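Notes to accompany the following structure.
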Amino acid sequence: MFLGHYAVALGAKRAAPAVSLGTLIVAAAFLDLLWPVLVLAGIERVAIAPGATAFTPLDFESYPISHSLATAVLWGLAFGAAYWAVRRSPMAAGLLALLVVSHWLLDAVVHRPDLPLAPGGTTLVGLGLWNSIAGTLALELVMYAAGIAIYLRATRARDRIGSRGFAVFALFLLAIYAGAAFGPPPPNASAVAWSDMGQWLVILWAAWVDRHRAAIQRA
């Protein structure tokens with residue numbers, strides 16, 4: 001899942017207006033930001049296997065540190081604790097912790113059974129929505145539209161960067177998603193990992209655009 005994680009981050013802005021959209025995205029995408037580092041280090045493994053599912057050719061062979069439920073909870077607690085230590089906001093820290101864990105829960109919907117419950121465990125989880133291209137697209141696009149709608153209702157543009165810049169940002173994510181969904185398979189696992197590392201540029205863009213929008217105070 002890709003757009004779905006960003007959708008959750010966008011929607012979370014309503015519950016945490018003081019938290020940067022960049023930080024919200026880091027939390028929601030945290031497992032996928034950790035994963036490519038572990039792949040490049042040879043600790044976790046992914047293979048290119050066209051036909052593994054209808055939607056993606058990626059075969060996630062081993063990723064218990066980044067993508068097991070137990071470690072997702074631990075990463076979430078660590079992320080929330082780190083934010084609390086810096087910002088002293090327990091509500092925002094709790095929300096960010098939940099965003100980290102939400103990544104695993106959303107992945108469990110689309111992945112085939114390859115998500116471990118804990119490192120070293122033999123039980124693998126996944127509902128396999130990726131076996132349906134139409135179902136995957138419908139879920140992620142509906143979630144993304146809802147996330148954008150909530151974000152736009154929770155904030156207002158201060159200037160053109162906040163309005164047009166956000167529109168370009170939202171369209172760019174759609175273009176990236178379309179390229180991943182309908183483009184050719186990546187050449188190797190390293191290419192996948194480096195591509196995922198590129199999310200940091202998207203996060204910086206999101207934080208920049210978000211600074212040009214103001215939270216709408218509601219009675």
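Just one of VAL100, VAL110, VAL125, VAL86 is touching a residue at least 24 places away in the same chain (Cβ under 8 Å) and within 17 Å of LEU24 (Cα to Cα); which is it?
Values: VAL110 fails: within 17 Å of LEU24 (Cα to Cα); VAL125 fails: within 17 Å of LEU24 (Cα to Cα); VAL86 fails: touching a residue at least 24 places away in the same chain (Cβ under 8 Å).
On inspection, the qualifying residue turns out to be VAL100.
Anything in the range 196-213 that is without any contact (Cβ under 8 Å) to a residue 60 or more places away in the chain and loosely packed, with under 14 Cβ neighbours inside 10 Å? List them, or say none.
The answer is GLY198, LEU201.
Does LEU124 satisfy being surrounded by fewer than 16 Cβ atoms within 10 Å (Cβ to Cβ), of a type in the set (A, V, I, L, M), at pLDDT 95 or above and in contact with an Asp or Glu (Cβ under 9 Å, 6 or more places away or on another chain)? Working first, answer last.
Numbers: surrounded by fewer than 16 Cβ atoms within 10 Å (Cβ to Cβ): yes; of a type in the set (A, V, I, L, M): yes; at pLDDT 95 or above: yes; in contact with an Asp or Glu (Cβ under 9 Å, 6 or more places away or on another chain): yes.
Yes: the conditions hold for LEU124.
Only one of (1) part of a loop (DSSP other than H, G, I, E, B); (2) in contact (Cβ under 8 Å) with a residue 60 or more places away in the chain is not met by PRO119, so which one is it?
Every condition holds for PRO119 apart from (2).
Would you check which residues across the range 40-58 are of a type outside the set (A, V, I, L, M, F, W, C) and either surrounded by 14 or more Cβ atoms within 10 Å (Cβ to Cβ) or modelled with pLDDT under 95 (or both) and list them? I'd like the intermediate steps shown before the answer.
Let us first name the residues in the range 40-58 that are of a type outside the set (A, V, I, L, M, F, W, C), namely 42, 44-45, 50-51, 53, 56-57.
Correct list: GLU44, PRO50, GLY51, THR53, THR56, PRO57.
The values are calculated or read from the model by the stated rules, or taken from the named source; none is laboratory data. Fair warning: this is a prediction, and the values are worked out from it, not measured in the lab. Virtual Cβ from ideal backbone geometry, glycine too; neighbours counted across all protein chains shown.
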